[in-house]
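Chemist: Below is one structure. I have some questions about it.
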Amino acid sequence: MTYNITKPRAFNVRRDSESQEASRHDYGTFGSSRREKFEAAISEGKLTEALSYILDQPSKSFEDFPLHVAVVGESDAGKSSFIKTVQSPHLDEPDAAAADVATKTDVPDRTKVEFGQVKFSEITWNKELLRAEDADGKEVDLKDFHYFIIVGPRIFQATPLDLALKIQKMDKEFSLVQTKADLQLEEAKKLRPSEDGEEGLFLSVDSCKESLRNKGVKEPPVFAVSNKEPHHFGFPSLRKTLMSEFLWKKILAVLSPILEKKAGKMKKQSWLLTLLSGFIAGIPVPGIAFLGGLVILLRFASWCRRKFGVDDTSLSKLSKLVKVVLPHLKSVVTSQSKKKMVLQRLPDSLGSSVMLAEYFYWDRFPFIGCIVSVVISLVSSFFTLKKLPSDVKKDTQNIVIAAIKPKKTDPENSEITIDLGILKKMPAFKSLDAVPKITAN
């Protein structure tokens with residue numbers, strides 16, 4: 001199942017009042033009307049019904065939803081030029097002169113440019129204070145943004161790991177973009193005329209990815225671009241990738257607050273189950289704390305999945321609607337592992353061991369064993385039960401994306417992140433008729 005992302009239109013900078021008005025939910029439009037039904041069904045836990053409203057035209061359903069994207073980098077990283085170039089309506093055209101004119105077009109509001117309903121903001125990363133700042137040097141809350149593009153002329157050699165980890169901790173994603181790639185290639189050729197500068201650029205990409213992995217950062221998409229030569233580097237593929245990713249980010253931006261609210265209500269009910277687990281653990285029967293806690297955890301998990309609409313019955317209906325095999329939908333679920341739940345309740349066995357020792361070794365009533373069992377059960381139940389709704393919430397988000405996102409089963413549809421023109425210049429590929437495609441994964 002394939003969906004076409006509409007080609008970005010030329011952007012128009014509007015007055016602040018007009019921008020704010022466009023950001024509000026207007027349920028009279030096609031997209032907003034469908035989103036209203038989508039949101040209502042999600043709130044009621046009817047996931048299959050919710051997707052039926054947007055499945056045929058997901059792009060149009062979320063076209064007028066505002067998405068906030070932060071372009072983050074140090075001072076003079078090329079953030080402003082990057083935003084202008086990536087939004088250029090002439091970027092996909094072969095006429096380089098037209099693209100150059102579009103790049104140099106003056107934009108009145110340089111700190112916040114609107115491109116359709118994707119709003120780019122220039123954010124400066126202060127590496128000394130380790131914080132994000134606006135043009136006036138005031139701290140910016142990164143939680144207000146849905147997606148991040150980290151840019152810089154030396155981003156592959158000096159990736160801001162603190163920023164990357166901060167974004168990942170917020171459970172959000174980012175792309176790495178090396179700006180001024182043309183200047184880097186020129187510099188490399190001057191220093192080492194006999195070596196291939198393009199090959200060095202690829203080595204920098206690999207080194208950057210390895211560094212991120214070693215620091216525990218999930219590998220992001222990476223691009224090398226030039227504002228002066230947008231057609232000769234990765235700008236076209238970058239924009240194509242971003243416009244595709246922006247659709248999923250819009251869906252998640254609508255979905256997350258609703259699911260978070262549901263998860264919050266479920267967490268409040270986990271207190272009663274925690275107390276019940278502690279009460280059961282106080283019964284002087286070895287093993288009762290483990291069995292009672294496990295049954296409560298399994299039942300609570302089953303209830304959460306039904307409320308979110310991701311139980312087995314709902315997933316079976318969803319797989320028929322979206323024509324995706326059921327195992328594929330279940331493969332993105334992480335909260336339903338019974339083995340994981342059993343392991344989470346294993347600490348309860350410590351209280352049972354103390355009870356057995358008191359019964360058979362000291363030949364007395366297990367007062368200490370009961371106390372130990374209750375304390376362990378309360379602590380274990382508190383964390384496992386409170387965390388479960390959040391885990392099911394993430395599963396729901398993953399299932400929605402898995403249900404409607406095109407599957408990359410055909411190599412020809414793989415995502416290109418670096419211009420193939422650069423690759424063909426490398427000695428290793430000069431003799432090849434077909435050049436393999438480089439993906440971000």
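Chemist: Tell me the net charge near G73. Cut-off is 10 Å between Cβ atoms, G73 excluded, with +1 for each Lys or Arg and -1 for each Asp or Glu. Spell out each step's value before the answer.
Modeler: On the way: positive: K79; negative: E74, D76, E122.
Cβ neighbours under 10 Å give a net charge of -2.
Chemist: Based on other C-beta atoms within 10 Å, arrange C304, C370 from fewest to most. Could the numbers behind the result be given before it?
Modeler: On the way: C304 28, C370 20.
The fewest-first ordering by Cβ neighbours comes to C370, C304.
Chemist: Among I42, I401, which comes first, second and so on when ranked by fewest other beta-carbon atoms within 10 Å? Please list the in-between numbers first.
Modeler: On the way: I42 22, I401 15.
Final ranking by Cβ density, sparse to dense: I401, I42.
Chemist: So, one more: Placing unit charges on C-beta atoms (Lys and Arg positive, Asp and Glu negative, everything else neutral), compute the dipole magnitude of the range 312-362 about its Cα centre in debye, rounded to 20.
Modeler: Details: 8 positive and 3 negative charges, 112 e Å.
Dipole about the Cα centre, nearest 20: 540 debye.
Chemist: Return Y147, Y361 ranked ascending by Cβ neighbour count within 10 Å, so the fewest neighbours appear first. Walk me through the intermediate numbers first.
Modeler: Numbers: Y147 24, Y361 8.
Final ranking by Cβ density, sparse to dense: Y361, Y147.
Chemist: With +1 on the Cβ of every Lys and Arg and -1 on the Cβ of every Asp and Glu, and nothing else charged, how large is the dipole of the range 257-404 about its Cα centre, in debye rounded to the nearest 20?
Modeler: The calculated dipole for the range 257-404 is roughly 900 debye.
Chemist: I'd like the Karplus ³J(HN,Hα) series for the range 324-330: coefficients 6.51, -1.76, 1.60, θ = phi - 60°, whole numbers in Hz, and an x wherever there's a Gly or Pro.
Modeler: Rounded to whole hertz, the list is 10, 4, 4, x, 5, 5, 6.
Chemist: Taking H placed 1.01 Å from N in the peptide plane, check which residues at least 5 places from G152 or on another chain put their amide H under 5 Å from its amide H.
Modeler: For G152, whose amide H was placed from the backbone, the distant partners under 5 Å are V177, T179.
Chemist: Could you work out the equivalent-ellipsoid semi-axes for the range 231-308, taking the square root of 5 times each eigenvalue of the Cα gyration tensor, largest first, in whole Å? Don't jump to the answer; show the numbers that get you there.
Modeler: Numbers: eigenvalues 439, 42, 15 Å².
Working from the Cα gyration tensor, I get semi-axes of 47, 14, 9 Å.
Chemist: Could you work out the Rg to Rh ratio of the range 257-404, with Rh taken as the Kirkwood radius (inverse of the mean 1/r over all Cα pairs)?
Modeler: Here the Rg-to-Rh quotient is 1.11.
Chemist: Which pairs break 26 Å Cα to Cα here: K250/K330; K84/K250; K60/K169; K240/K405; K119/K169? Walk me through the numbers before you get to the answer.
Modeler: Working: K250/K330 23 Å; K84/K250 22 Å; K60/K169 31 Å; K240/K405 15 Å; K119/K169 23 Å.
Distance filter (> 26 Å) returns K60/K169.
Chemist: Tell me, what HN-Hα J-couplings in whole Hz come from the Karplus equation 6.51 cos²θ - 1.76 cosθ + 1.60 at θ = phi - 60° for each residue of the range 48-55, using x for Gly and Pro?
Modeler: Ordered by residue, 3J(HN,Hα) equals 5, 5, 4, 5, 5, 7, 10, 5 Hz.
Values in this text are rule-based calculations from the coordinates and carry no lab data. Computed from a predicted structure; not experimentally measured. Cβ sites come from the backbone with ideal geometry, for glycine too, and all protein chains shown count toward neighbours.
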